[in-house]
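Every number here is computed from the coordinates shown, using simple stated rules; none is lab data. Everything numeric in this text was worked out from a predicted model, so none of it was measured. All Cβ positions, glycine included, derive from the backbone under ideal geometry; neighbour counts span all protein chains shown.
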Amino acid sequence: MLLESILTVLIINAIGLFWGYKQQSDKATDLFYSLSFVALTVVLWFTAADSLMHHLLLGMILLWSFRLGSYLFKRIHAMGKDDRFDEMRKQFIRFAGFWTLQALSVLILSIPVIIIYQTPNIEFGAVHILGIGIWALGLLIETIADQQKFSFRQNPVNNGQFIETGLWKQVQHPNYLGEILCWLGVFVCAIPSLESWEWLAIISPLWITFLLVFVSGIPLLQKASKKKYGHLESYQSYQKNTPLLIPFLY
């Protein structure tokens, strides 16, 4: 089961790599990312699903993937391209490095998913309800935040302005908070199935938090935003007084 999962993710991202490099385009990058989770979970579901939690988890991953994939696909077509890939697309090794990291991230995030499907006859309980609740809250937060930002950017009146309304008034990166909660919820769903070394599955929510807070999320956006809006006193005040990720804490 583990081998099938790894091969599925690697094949999908290899196809994405060669397609993206040949076309010199990143318009399908996020679709391949979402498709990786869908394919991996569907393979596991067909292979081992025999419990309510297995079926619910399939629905969770499908809903999350469709929501994220469709939003990012719509966004990249509205933007035309992702400036972060301008130089990377021209260098196959660097481009391949990105796709390798993406495939690795999919596998790391999916560790709790794999463990749940490796556990037969799961008795649905309170911990699963808690996990689904955390996941649902995360999905709701990132859905609302992404839609608010997309609508803001599509309005010509807001050209040259940054969003500080709706959820973005509470924290600077509510969409990332939602994403972290989604994967935390999936991990919580896996807790009743964890034994000994399987508790390493905690790396899943920790990994997405690490990526978004320290690597490819907040640092890149903060740098780009400061370059674009740093001269505005309103932005300086927003940066100083608005938490990055968690209301009242961080």
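Here the peptides 216-226, 10-20 are ranked by packing, the mean other Cβ count within 10 Å, and the order with the highest first is 10-20, 216-226. Taking 0.36 nm per residue of separation and subtracting the Cα-Cα distance, full extension of the segment from residue 221 to residue 75 would add 51.0 nm.
Between residue 237 and residue 42, the C-beta separation translates, for a Förster distance of 41 Å, into a calculated FRET efficiency of about 0.30. Against the chain, whose longest principal axis is taken from its Cα atoms, helix 29-48 shows a tilt of about 10°.
Projecting the Cα atoms of 110, 202, 236 onto the dipole axis of the chain, where Lys and Arg carry +1 and Asp and Glu carry -1 at the beta carbon, places 236 farthest toward the positive end.
Each Lys and Arg adds +1 at its Cβ and each Asp and Glu adds -1 at its Cβ; summed about the Cα centre, the chain shows a dipole of about 1140 debye.
Between residue 147 and residue 93, the FRET efficiency from the beta-carbon distance, with R0 = 45 Å, is close to 0.80. Over segment 125-250, Cα pairs under 8 Å with separation of 6+ residues give a relative contact order of 34 percent.
Using only the alpha-carbon atoms, how far is helix 218-229 inclined from the longest principal axis of the chain? Give it as 0 to 90 degrees, nearest 10. For helix 218-229, the angle is close to 20 degrees. Here r is the Cβ-Cβ distance between residue 2 and residue 101 and R0 is 30 Å; the resulting FRET efficiency, rounded to 0.05, is 0.90. Approximating the spin labels as points 7 Å out from Cα along Cα→Cβ, the residue 123-to-residue 55 distance works out to 2.0 nm. Expressed as an acute angle from 0 to 90° and rounded to the nearest 10, what is the orientation of the C-alpha long axis of helix 126-154 relative to the principal long axis of the chain? Result, in degrees: 30.
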